[in-house]
Amino acid sequence: AAHGTAAPTTGRPHGARHTAETFAAVYGAAPSGTWAAPGRVNLIGEHTDYNDGFVMPLALPHTTLAAASARTDGVLRLHSGGADGGIVELCLDALRPAPQAGWAAYPAGVVWAMREAGLPVGGADLHFDSTVPTGAGLSSSAALEIATALALNDLYALGQEPQHLARLAQRAENAFVGVPCGIMDQTAAACCTQGHALFLDTRDLGRRQIPFDLAGEGLRLLVVDTRVKHELGDGAYAERRAGCERGARALGVRALRDVPYAQLPAALARLADEPAVQALVRHIVTENRRVEEVVAHLDAGRTRAIGPLLTAGHASLRDDFKISCRELDLAVDTANAAGALGARMTGGGFGGSAIVLVEEAAAPAVGAAVTAAFAAAGHAAPRIFEAVPGPGAHRVE
Ligand code: GAF
């Protein structure tokens, strides 16, 4: 979901020094520290995270920086370099869930969730700068949440593990901001590591860092931001989630994760009266299978073999889950026609970004083909950049 901070296309235009200096200009004293949390792309495993399934995100070099200091008076002050409106000042004791309350609801929600969990977090001053494109399906919200969570974890010596910070941030987004998201994006921001994709089992939160050094293999992963704004809060996401839960109930399982791939035909037969739910179930069960196949290929060093699985994942999201759009389909189809190894939409859908796996030598031509196809179709020019797996959240200064 978009939170209204600035959206440049590349890494860090100013860096942590600039963020600390801006903090000092806004609040009148230097910050105690500066923390960073990245955006992400998801390689495979889409909409599986609220079905207890598998996901495989990697961190982008694009980050949200939070400069912060503790306060002793129970006041939370928030300021963003990308948002108009000056300082947002809130009283910790008065924090209440505030659906659709704008960008400040994300950091405020994190503080609320920490206090709700009984953690001794007090007031703070925070200033944010971000290079994670907003509304692009690249998890600018989770980056904002996790930068906040890590800053407070350190400022108040809370001693929480990154995965637990992700859980608190998800709780903030679900209960405070009002978006029924899964755990993928927050975990990606908190737990990804440089040079790896993160395999996550969203049921038991088991994690495995899977080496993902595309450059070393002569490959590239391109991100195509279609510039079609995606919003998670608009109901379609919640509808898909409710449909999946309905499918699980009809099949008598705790979550769709519990439908084995081999039993998919039988499960679909049982849902014959509900074709819409049937299609959602088919996507989730086949998508979990695709994640497992991607992991097997990467473990065996067969990186190029994941291309067709990415493309099959896109077809499933387009035809069964019905969350693609013209621009995403055009990006995927054009990239594949121009020689990519595979491509798919990534993230929540209804706009946002696609990823393209491509041989290094073919990357410029594939990018140019997508740009030309967008121009020919009368769409705004897409933003295309390379995804190199960066580090998860960390303290910068
Ligand atoms: C959004 C959500 F926030 C995630 O939890 C996940 O469901 C994703 O959409 C789809 O895979 O990013």
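The values are calculated or read from the model by the stated rules, or taken from the named source; none is laboratory data. No experiment lies behind these values; they were computed from the predicted model shown. Counting neighbours? That spans all protein chains shown, and the Cβs are built from the backbone with ideal geometry, glycine included.
Is there a residue in the stretch 37-57 that is among the β-branched types (Val, Ile, Thr) and either free of Cβ contacts under 8 Å to residues at least 60 places away in the same chain or away from the ligand (no atom under 16 Å from the Cβ) (or both)?
No, there is no match, as no residue in the stretch 37-57 is among the β-branched types (Val, Ile, Thr) and either free of Cβ contacts under 8 Å to residues at least 60 places away in the same chain or away from the ligand (no atom under 16 Å from the Cβ) (or both).
Of the residues making up the stretch 156-163, none is acidic (Asp, Glu) and either crowded, with 24+ Cβ neighbours inside 10 Å or part of a helix (DSSP H, G or I) (or both). Please tell me if Ala267 is over 25 Å from the mean Cα position of the chain (by Cα) and not in a loop (DSSP other than H, G, I, E, B). Here the answer is yes, as Ala267 does meet what is asked.
Quick check: is even one residue across the stretch 316-331 more than 15 Å from the ligand (Cβ to nearest atom), free of Cβ contacts under 8 Å to residues at least 40 places away in the same chain and surrounded by fewer than 23 Cβ atoms within 10 Å (Cβ to Cβ)?
Yes: the stretch 316-331 contains one or more residues that are more than 15 Å from the ligand (Cβ to nearest atom), free of Cβ contacts under 8 Å to residues at least 40 places away in the same chain and surrounded by fewer than 23 Cβ atoms within 10 Å (Cβ to Cβ).
The number of residues in the stretch 175-211 being assigned to a strand (DSSP E or B) and either among the β-branched types (Val, Ile, Thr) or within 14 Å of the ligand (Cβ to nearest atom) (or both) comes to 3. If the condition is being within 22 Å of the chain's Cα centre (by Cα) and either closer than 14 Å to Ala149 by Cα or among the β-branched types (Val, Ile, Thr) (or both), then the stretch 88-121 contributes Ala104, Ala105, Tyr106, Pro107, Ala108, Gly109, Val110, Val111, Trp112, Ala113, Met114. When Ala117, Ala143, Ala136, Ala113 are checked against the criterion of being without any contact (Cβ under 8 Å) to a residue 60 or more places away in the chain and among the hydrophobic types (A, V, I, L, M, F, W, C), a single residue qualifies: Ala117. Residues in the stretch 346-362 that are more than 10 Å from the ligand (Cβ to nearest atom), under 19 Å from the mean Cα position of the chain (by Cα) and part of a strand (DSSP E or B): Ser353, Ala354, Ile355, Val356, Leu357.
Candidates are the residues of the stretch 381-394 that are closer than 18 Å to Ala142 by Cβ and of a type outside the set (Gly, Ala, Ser); the one that is surrounded by the most Cβ atoms within 10 Å (Cβ to Cβ) is Pro389. Could you tell me whether the stretch 120-134 includes any residue that is among the hydroxyl-bearing types (Ser, Thr, Tyr) and on the phi > 0 side of the Ramachandran plot? Within the stretch 120-134, not a single residue is among the hydroxyl-bearing types (Ser, Thr, Tyr) and on the phi > 0 side of the Ramachandran plot. Under the condition of being away from the ligand (no atom under 13 Å from the Cβ) and not in a strand (DSSP E or B), the residues counted in the stretch 212-238 number 12.
Within the set Ala7, Ala70, the sole residue that is modelled with pLDDT under 95, of a type outside the set (Val, Ile, Thr), over 21 Å from Gln163 (Cα atoms) and surrounded by fewer than 24 Cβ atoms within 10 Å (Cβ to Cβ) turns out to be Ala7. Does at least one position in the stretch 228-240 carry a residue that is more than 18 Å from Met184 (Cβ to Cβ), in contact with a helix residue (DSSP H, G or I) (Cβ under 6 Å, 6 or more places away or on another chain) and surrounded by 22 or more Cβ atoms within 10 Å (Cβ to Cβ)? Checking the stretch 228-240: not a single residue is more than 18 Å from Met184 (Cβ to Cβ), in contact with a helix residue (DSSP H, G or I) (Cβ under 6 Å, 6 or more places away or on another chain) and surrounded by 22 or more Cβ atoms within 10 Å (Cβ to Cβ).
Taken over the stretch 37-65, residues that are within 14 Å of Phe199 (Cβ to Cβ) and part of a loop (DSSP other than H, G, I, E, B) amount to 6. The residue that is nearest to the ligand (Cβ to nearest atom), counting only those in the stretch 10-36 that are assigned to a loop (DSSP other than H, G, I, E, B) and either modelled with pLDDT of 95 or more or among the polar types (S, T, N, Q) (or both), is Thr10.
Per the listing Pro133, Pro107, the residue uniquely away from the ligand (no atom under 14 Å from the Cβ), of a type outside the set (Val, Ile, Thr) and crowded, with 24+ Cβ neighbours inside 10 Å is Pro107.
The single condition among (1) of a type in the set (D, E, K, R); (2) assigned to a helix (DSSP H, G or I); (3) farther than 25 Å from Ala197 by Cα that Arg289 does not meet is (3).
Could you identify the single residue in Ala279, Ala255 that is in contact with a Cys (Cβ under 9 Å, 6 or more places away or on another chain), of a type in the set (Gly, Ala, Ser) and modelled with pLDDT of 95 or more?
Ala255
Taken as a whole, the structure leaves Arg257 outside the set of residues that are charged (D, E, K, R) and within 25 Å of Ala340 (Cβ to Cβ).
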